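First comes the structure, then the notes that go with it.
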Amino acid sequence: MKKVDFKGPRDMHKTKCSDCGQATEVPFVPDADRPVYCRDCFPKHKPPKKE
């Protein structure tokens, strides 16, 4: 079985944060049907950790 290495360079895609409108880059192609958040806004939208 071949090991997959995800540490290589990523294609980054420019978009705007759905919360604050700040320009940001993400490592995936943004989908118009799903919100995208910048580094500052993302933690506010993470689901709480299960205990």
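Just so you know, all these numbers are worked out from the coordinates, no wet-lab data involved. Values in this document were obtained by computation on a predicted structure and should not be read as measured data. We place every Cβ from the backbone using ideal geometry, glycine too, and count neighbours over all the protein chains shown.
A few points about this structure:
- Here the spin labels are modelled as points 7 Å beyond Cα on the Cα-Cβ line, and at E25 and D40 they lie 1.9 nm apart.
- Helix-only [θ]222 nm of the chain, DSSP H runs n ≥ 4, -39500 (n - 2.57) each, per residue, nearest 500: -1000 deg cm²/dmol
- Residue-by-residue Karplus 3J(HN,Hα) for region 21-26, coefficients 6.51, -1.76, 1.60, Hz, glycine and proline x: x, 5, 5, 8, 10, 10
- Charge context of C38, other residues only, Cβ under 14 angstrom, K/R +1, D/E -1: +2
- P(r) of the chain over all Cα-Cα pairs, binned every 5 Å from zero, in whole percent: 4, 17, 21, 19, 14, 14, 8, 3, 1
- Counting charges near C20 (Lys, Arg +1; Asp, Glu -1) among other residues having Cβ under 12 Å from its Cβ returns a value of +1.
- Amide H contacts under 5 Å for H13, placed H, 5+ residues apart: V26, F28
- In Hz, Karplus ³J(HN,Hα) per residue of region 35-51 (6.51, -1.76, 1.60; θ = phi - 60°; x = Gly, Pro): x, 10, 10, 6, 4, 6, 8, 3, x, 5, 10, 5, x, x, 5, 7, 9
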